[in-house]
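Structure record follows, encoded as structure tokens.
Just so you know, all these numbers are worked out from the coordinates, no wet-lab data involved. What you see is a predicted model, and the numbers here were worked out from it, not measured in a lab. Counting neighbours? That spans all protein chains shown, and the Cβs are built from the backbone with ideal geometry, glycine included.
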Amino acid sequence: MKLPDKRGYFGNFGGKYIPETLSLCLKEVEDSYRKIKKSSRFRKELNHYLSRYAGRPTPLYYARNLSDYLGIKVFLKREDLLHTGAHKINNALGQAVLAKFMGKKRIIAETGAGQHGVAVATVCSLLGFKCDVFMGEEDIRRQRMNVFRMKVLGAKVIPVRSGSRTLKDACSEAFRDWVTNVSSTYYLIGSVIGPHPYPLIVRDFQAVIGKESRSQILKETSKLPDYLVACVGGGSNSLGLFYPFFKDKKVKFIGVEASGLGLNSYNAASLLRGKLGVFQGTRTFVLQDKFGQIQNAHSLAPGLDYPGVGPEHAFYKTIGRARYVAVNDKEAVEGFDMLSRKEGIIPALETSHAIYYLKRMAPKNKNKVFLVCLSGRGDKDLDIVRNFKKSKK
Amino acid sequence: MIKIKDKFRQLQKLNKKAFIAYVPFGFPHPSLSRDIFLTLRDSGVDIIEVGIPFSDPLADGPIIQQASNLALKNGANLPLFFDEFNKIKDTVDIPVAVMSYYNPIYRFGLKKFIKKIKEINIEALMLVDLPLEEAEEYKKSCAEAGIDTIFFITPTTSVERVKRIASLTEGFIYYISVTGITGPKNLQLQNLARKIREIKRITSTPVCVGFGIHTKKQVKSIGRFSDGVVVGSEIVKFIAENYKKKNFLKTLHKHIKTLIP
């Protein structure tokens, strides 16, 4: 069975819940993607940029100190070493080259913390697109440096003043722009969310993480790992890692959500605390109140701060293929410190959720092999962590 | 209680076009909704389109976004909507259609929702983000309950799609005048007329035009080639600017009258 099906469903999740006005744009993206992804010219160009420009393949690094400390074997897939500092560039390059083949002139994107926005601004500068990035006013205030980075790269950052003025509203605003400027514009979504075909396209472009990891770990240890661990916001780095191992039934998937201030308080754990709903084009688990109004997500890690989650994760959860767990703000900071001190690698706060979870699993899994997606580097989060520590004193 | 179909028949006999007014429920406050809807009826509106406020209205411009937010802030929700409409269901003698995003209804339960609106004499349902690909169960449930399903057609909808949409639509087709969100500034009447004529060649279902209609002049000219118009942002904006003033309902009544030819 190949997923998603023709209608964009992963089992009971996914689909295309969109205003009629968007149906033509989505069909154009879907048809073009199906055609273009097979062309050797496209693959050649994308591979060229992935390797020469972005820095693929990324190393799989055996973290000896951390492994000794925890009593398990930890391999880190070093997506943090990519250009712009996170896995986001894999998808940004893939979709931007697609947009180029489609003949589009302008790219729009939503961004929360600004990581996806920076990746998009980067590839737009590289490939000569006009670039507009929608960002919630609240996020602009919290992420001044990334706003400036995007501007330096030549992108325009458009403040979003609707709703909660954060990522979900930036996403809605990007859709509104797209509806209005269909013919010239490509909407480059940053995660495995939104209406079909986006969850499929973003997963495909991120699957390079899992494909490389699989052959690297086989080469290094001659067997598959016991666990794959990755953080889940919208879910693109985790799905990129998990998907190529889907058929390796013995490899267990652990997706780590952000429980923010706690699972019974403000959090971003859509899979653990969300209810089935229809949000921004897809049927999935969504943080919402009893009347179906979407709630604001909270996590110290800005990249996990989204009230929905990719429909394929919802599917993995329902069929039991992946297990989803949660780590709170405080624990994430502990994970952040742990990797920095043991290995000299400062991880992104998002990634720190996955790192911390190793500590929780270690006692019952002595000598087991854990392959972790180190999805991004943590320079961007230094201010947040400093303020967090100050407030706890 | 009158079916939308019959309303259009009545209008046709009088050689008139439908004036459809959109206002979100609970805006500006749930306690004002009943009076606002009764005022719309008294001002000569033919069909009322009542919006269910949603936190993330993807297809709406700033005016309706703000109105939805205010309604939610002031406590608008589905149970309150059912209660308030129940109180006026026998007084409102024109058809009422509900316009909503899917999630509040999905959360409530589609079948349960349809049963509820049937009880309060609502004639039709239109779901902004439920395109025809996802509409099978919805269409079936509405048909069983005798609720009309209104679908949208836009300038970018292909002829093939127009045919499929027309076959699922009951009541009237909602033609969105522009590729964009609610409340646009410029309408190009010539293109619009051509598009509507194309659709009318395909289906005998009435076609009404919405998005970007602000003046009586527009209402009149669009009425020449369509079966009616939907006015939304214009009325919502008027309410937002005037509801705190004295004699608000009277001025609303007058304002609606200035929009109807």
Give the average, rounded to an integer, of partner chain Cβ atoms located within 10 angstrom of each Cβ in B:107-114. 2
Compute the distance in nm between two label points, each set 7 Å from the Cα along the Cα-to-Cβ direction, one at B:Gln188 and one at A:Asn365. 5.9
Can you work out the Karplus-derived ³J(HN,Hα) for every residue in segment A:176-182? Use 6.51 cos²θ - 1.76 cosθ + 1.60 with θ = phi - 60°, whole Hz, and x for glycine or proline. 4, 5, 4, 4, 7, 10, 3
Taking the Cα atoms only, what angle lies between the long axis of helix A:208-221 and the longest principal axis of chain A, rounded to 10 degrees? 20
For B:128-139, mean number of other protein chain Cβ atoms within 10 Å: 4
Take the alpha carbon atoms of segment A:1-48, find their center, do the same for segment B:41-93, and report the distance between the two centers in whole angstrom. 36
Can you find, among B:Phe172, B:Ala193, B:Thr91, the residue farthest towards the positive end of the dipole of segment B:4-259? Put +1 on the C-beta of Lys and Arg, -1 on that of Asp and Glu. B:Ala193
Phi-derived 3J(HN,Hα) across segment A:345-358 with the Karplus relation (6.51, -1.76, 1.60, θ = phi - 60°), rounded Hz, x for Gly and Pro, is 10, 8, x, 4, 4, 4, 4, 4, 4, 5, 4, 4, 5, 4
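Would you mind telling me the antiparallel percentage of the DSSP bridges in segment A:160-315, rounded to 5?
On the way: 6 of 11 bridges.
In segment A:160-315, DSSP labels about 55 percent of beta bridges as antiparallel.
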In whole angstrom, and with the biggest value first, how far do the Cα coordinates of chain A range along each principal axis? 56, 48, 42
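State which entries of A:Lys317/B:Lys116; A:Lys37/A:Lys211; B:Lys16/B:Lys217; B:Lys195/B:Lys257; B:Lys220/B:Lys245; B:Lys5/B:Lys216 exceed 22 angstrom in Cα-Cα distance in the structure shown.
Values: A:Lys317/B:Lys116 33 Å; A:Lys37/A:Lys211 17 Å; B:Lys16/B:Lys217 15 Å; B:Lys195/B:Lys257 28 Å; B:Lys220/B:Lys245 30 Å; B:Lys5/B:Lys216 24 Å.
Beyond 22 Å between Cα atoms: A:Lys317/B:Lys116; B:Lys195/B:Lys257; B:Lys220/B:Lys245; B:Lys5/B:Lys216.
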Chain B: relative contact order from alpha carbon pairs under 8 Å, six or more residues apart, as a whole percent, is 22
State to the nearest 20 debye the size of the charge dipole of chain A about its Cα centre, where the only charges are +1 on K and R beta carbons and -1 on D and E beta carbons. 920
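Test of understanding: ordering B:Glu119, A:Glu28, A:Glu257 by Cβ neighbours within 10 Å, fewest first, what list do you get?
Working: B:Glu119 12, A:Glu28 16, A:Glu257 28.
Exposure proxy ranking, most exposed first: B:Glu119, A:Glu28, A:Glu257.
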One-quarter of the Cα convex hull surface for segment B:4-259, in nm²? 12.4
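Mind scanning A:Lys27/B:Lys73; A:Lys44/A:Lys73; A:Lys130/A:Lys168 and naming the pairs with a C-alpha gap bigger than 25 Å? Present the calculation step by step, with values, prior to reporting the outcome.
On the way: A:Lys27/B:Lys73 36 Å; A:Lys44/A:Lys73 36 Å; A:Lys130/A:Lys168 23 Å.
Listed pairs above 25 Å: A:Lys27/B:Lys73; A:Lys44/A:Lys73.
Per residue of the protein assembly as shown, what 222 nm ellipticity follows from adding -39500 (n - 2.57) for every DSSP H run with n ≥ 4, rounded to the nearest 500?
On the way: 28 runs with 295 residues, N = 654.
My calculation for the protein assembly as shown gives -13500 deg cm²/dmol from helical runs alone.
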Options B:Ser33, B:Phe54, B:Ile147, ranked by Cα towards positive dipole end of segment B:1-152, top entry (Cβ charges): B:Ile147
Can you give the FRET efficiency to the nearest 0.05 for B:Asp6 and B:Val159, using r as the Cβ-Cβ distance and R₀ = 35 Å? 0.75
Arranged from highest to lowest average of other beta-carbon atoms within 10 Å per residue, in what order do the peptides B:31-39, A:15-23, B:82-90 appear? A:15-23, B:31-39, B:82-90
Could you order the peptides A:115-127, A:262-274 from most to least packed, using the average number of other C-beta atoms within 10 Å per residue? A:115-127, A:262-274
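Can you tell me the length gained on complete extension of the stretch B:Lys220 to B:Glu198, counting 0.36 nm per residue apart and subtracting the Cα distance?
Details: separation 22, 0.36 × 22 = 7.92 nm, distance 1.99 nm.
Length gained, B:Lys220 through B:Glu198: 5.9 nm.
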Write down the percent of antiparallel bridges among all DSSP beta bridges whose residues are both part of chain A, to the nearest 5. 30
If the chain between A:Asn65 and A:Lys389 were fully stretched, how many nm would it gain, using 0.36 nm times the residue separation less the Cα-Cα distance? 114.2 nm
Compare the peptides B:241-248, B:111-118 by average per-residue count of other Cβ atoms within 10 angstrom and give them in order, highest first. B:111-118, B:241-248
Mean per-residue count of partner chain Cβ within 10 Å for A:11-18 equals 4
Charged-residue dipole, Cβ positions (Lys, Arg, Asp, Glu), segment A:143-265 about Cα centre, Debye nearest 20: 140
Could you calculate the FRET efficiency of B:Ser167 with A:Ile319 from 1/(1 + (r/R0)^6), where r is the beta carbon distance between them and R0 is 41 Å, rounded to 0.05? 0.70
Plugging the Cβ-Cβ distance of B:Asn86 and B:Glu144 into 1/(1 + (r/R0)^6) at R0 = 35 Å yields, to the nearest 0.05, a FRET efficiency of 0.95
Among B:Ser233, A:Asn181, A:Gly210, whose Cα sits farthest toward the positive end of the charge dipole of the protein assembly as shown (+1 at Cβ of Lys/Arg, -1 at Cβ of Asp/Glu, about the Cα centre)? A:Gly210
